[in-house]
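Q: The structure follows.
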């Protein structure tokens, strides 16, 4: 990621109000295990990270490129005194951090972010029986935002093809977004 891109995200997150957690994450939270270890990829201001830590007493690694967003996330998590631990990690996802450890996450959450080159990496980070939750924009989003870059739209059935070894718990498209929730098999 270029310095210009990082600064663009810092500018966006500097003044943005703290958002609520993603409504689909909230709706599907009962699929997640209490007290587990969760990775929130491209977490932004960390609304999902804080919600999952608080609701599930989970330890959440919150990954984003924006140091501004992560400073705000750290303060927000501290203010809520969430029983879980939220650990902000600054990372350039063009070069994902391998120090996170393969097979160690009980769940991975990716919302409104799409980088197909990370699909294999995400699958490898999941522990046996771990959950992968992805929600991002699909082609119906163009009805609302015709100028949206098509390379950042998930194709029909693309999540299913990207994670073939997983048990699909949810796969749905609505309101210009596609949601995928899959469970890794028990074998490593």
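Q: Go through the stretch 14-33 and give me each residue that's modelled with pLDDT under 95 and more than 17 Å from residue 79 (Cβ to Cβ).
A: Across the stretch 14-33, the qualifying residues are 14, 15, 33.
Q: Does at least one position in the stretch 48-57 carry a residue that is part of a loop (DSSP other than H, G, I, E, B) and closer than 20 Å to residue 93 by Cβ?
A: No, every residue in the stretch 48-57 fails to be part of a loop (DSSP other than H, G, I, E, B) and closer than 20 Å to residue 93 by Cβ.
Q: Looking only at the stretch 23-43, how many residues end up being without any contact (Cβ under 8 Å) to a residue 40 or more places away in the chain, assigned to a helix (DSSP H, G or I) and farther than 16 Å from residue 112 by Cα?
A: 3
Q: In the stretch 36-53, is there at least one residue being surrounded by fewer than 17 Cβ atoms within 10 Å (Cβ to Cβ) and modelled with pLDDT of 90 or more? Please lay out each step first, then the result.
A: Narrowing the stretch 36-53 to residues surrounded by fewer than 17 Cβ atoms within 10 Å (Cβ to Cβ): none.
There is no residue in the stretch 36-53 that is surrounded by fewer than 17 Cβ atoms within 10 Å (Cβ to Cβ) and modelled with pLDDT of 90 or more.
Q: List the strands (runs of 3 or more DSSP E) inside the stretch 103-188, counting only whole elements, that have at least 3 residues being within 20 Å of residue 44 (Cβ to Cβ) and in contact with a strand residue (DSSP E or B) (Cβ under 6 Å, 6 or more places away or on another chain).
A: 105-111, 126-137, 177-183
Q: Continuing with the same structure: With respect to residue 96, determine if the residue is outside any helix (DSSP H, G or I) and in contact with a strand residue (DSSP E or B) (Cβ under 6 Å, 6 or more places away or on another chain).
A: It is false that residue 96 is outside any helix (DSSP H, G or I) and in contact with a strand residue (DSSP E or B) (Cβ under 6 Å, 6 or more places away or on another chain).
Q: If we keep just the residues of the stretch 64-86 that are at pLDDT 90 or above and not in a helix (DSSP H, G or I), which is farthest from residue 10 (Cα to Cα)?
A: 86
Q: Right, another one. Give the residue, chosen from 161, 177, 183, that is over 24 Å from residue 61 (Cα atoms), under 16 Å from the mean Cα position of the chain (by Cα) and modelled with pLDDT of 95 or more.
A: 177
Q: Residue 172 - would you say it is without any contact (Cβ under 8 Å) to a residue 24 or more places away in the chain and within 24 Å of residue 124 (Cα to Cα)?
A: Answer is yes for this residue.
Q: Taking only the stretch 12-22 into account, find how many residues are touching a residue at least 12 places away in the same chain (Cβ under 8 Å), assigned to a helix (DSSP H, G or I) and more than 15 Å from residue 113 (Cβ to Cβ).
A: 1
The values are calculated or read from the model by the stated rules, or taken from the named source; none is laboratory data. Keep in mind that this is a model prediction, so the values were computed, not measured. Note that we place each Cβ from the backbone using ideal geometry, even for glycine, and neighbour counts take in every protein chain shown.
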